[in-house]
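Here is the structure we will look at.
The values are calculated or read from the model by the stated rules, or taken from the named source; none is laboratory data. Just so we're clear, the structure is a prediction, and the values are computed from it rather than from any experiment. Cβ atoms come from the backbone with ideal geometry, glycine included; neighbour counts cover every protein chain shown.
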Amino acid sequence: METRMHFESNYIMVKRPSFRARVAVAALAISATVLSLMADDGTGAVTAQDPNSIRPFHINIPDEALADLRQRIVATRWPDKETVTDASQGVQLATMRSLASYWATDYDWHKCAAKLNALPMFVTTIDGLDIQFIWVRSKNPNPLPMILTHGWPGSILEFVKVIGPLTDPTANGGRAEDAFDVVIPSMPGYGFSGKPKDSGPTMSSPPATRQQSKSLEVVSTS
């Protein structure tokens, strides 16, 4: 059985693209490239023009870097307390101090990293920029591909809890035919993806329209 999904975007012109529009184009570019790399040749192996285009990714933050972060948080020079008893002058000082204390003393980054490293993570290069992503394939037959993109600010951590129900619906009260292959990329400049060196593509720039006009064909064979 063969299922084909075909998407094609039209040329979009925006005179003054907003930041939201630029990020939306980046998400489209990531989705286009990652989905095109999800083609299966029937053997379960990933196929792509460049066999090295998808590389395994593992989080490994040195303890020295974490210690430096904690030290900089603790050394924060705080402003005077607000002159009101509510949040009408902005986030209250007590809230910020409590948050800083949590990050400096309570948050367990190694636990968070272990949770992410337990998932299949990869990195690929899109338009010269490294994009890191989680890619979990369902064991159920004929799963549909799904891209989950976080907002700004945001991170791939937002979607960790939904990976199981989406990729293994039968273990979560669903049906096998409801299964998805899930790809969760870190947006450019966020998480472990590369940082753009310029303002990036806009809705009317050639790189963006090239990605928008790209046809995606995802083929699942069983």
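Please enumerate the residues belonging to segment 62-77 that are over 14 Å from M96 (Cβ atoms) and either in contact with a His (Cβ under 6 Å, 6 or more places away or on another chain) or basic (K, R) (or both).
Those that are over 14 Å from M96 (Cβ atoms) and either in contact with a His (Cβ under 6 Å, 6 or more places away or on another chain) or basic (K, R) (or both): R70, R72.
Those residues that are loosely packed, with under 14 Cβ neighbours inside 10 Å and more than 14 Å from the chain's Cα centre (by Cα), I need them from segment 118-160; list them, please.
If the condition is that a residue be loosely packed, with under 14 Cβ neighbours inside 10 Å and more than 14 Å from the chain's Cα centre (by Cα), then A118, G128, K139, P141 are the ones that fit.
Is it the case that G191 is in a loop (DSSP other than H, G, I, E, B), small (G, A, S) and in contact with a His (Cβ under 9 Å, 6 or more places away or on another chain)?
Criteria met by G191.
Can you pull out the residues in segment 164-222 that are among the small types (G, A, S), modelled with pLDDT of 50 or more and touching a Lys or Arg at 6+ places or on another chain (Cβ under 9 Å)?
Residues satisfying the conditions are A179, G189, S199, G200.
So which residues in segment 171-183 are surrounded by 14 or more Cβ atoms within 10 Å (Cβ to Cβ), over 23 Å from P56 (Cβ atoms) and not aliphatic (A, V, I, L, M)?
Correct list: G174, D178.
Looking at this structure, is D130 among the acidic types (D, E), in contact with a strand residue (DSSP E or B) (Cβ under 8 Å, 6 or more places away or on another chain) and modelled with pLDDT of 90 or more?
No; evaluated as a whole, the condition is false for this residue.
Please tell me if P56 is at pLDDT 90 or above and either among the polar types (S, T, N, Q) or closer than 26 Å to E158 by Cα (or both).
Spelling it out, P56 is indeed at pLDDT 90 or above and either among the polar types (S, T, N, Q) or closer than 26 Å to E158 by Cα (or both).
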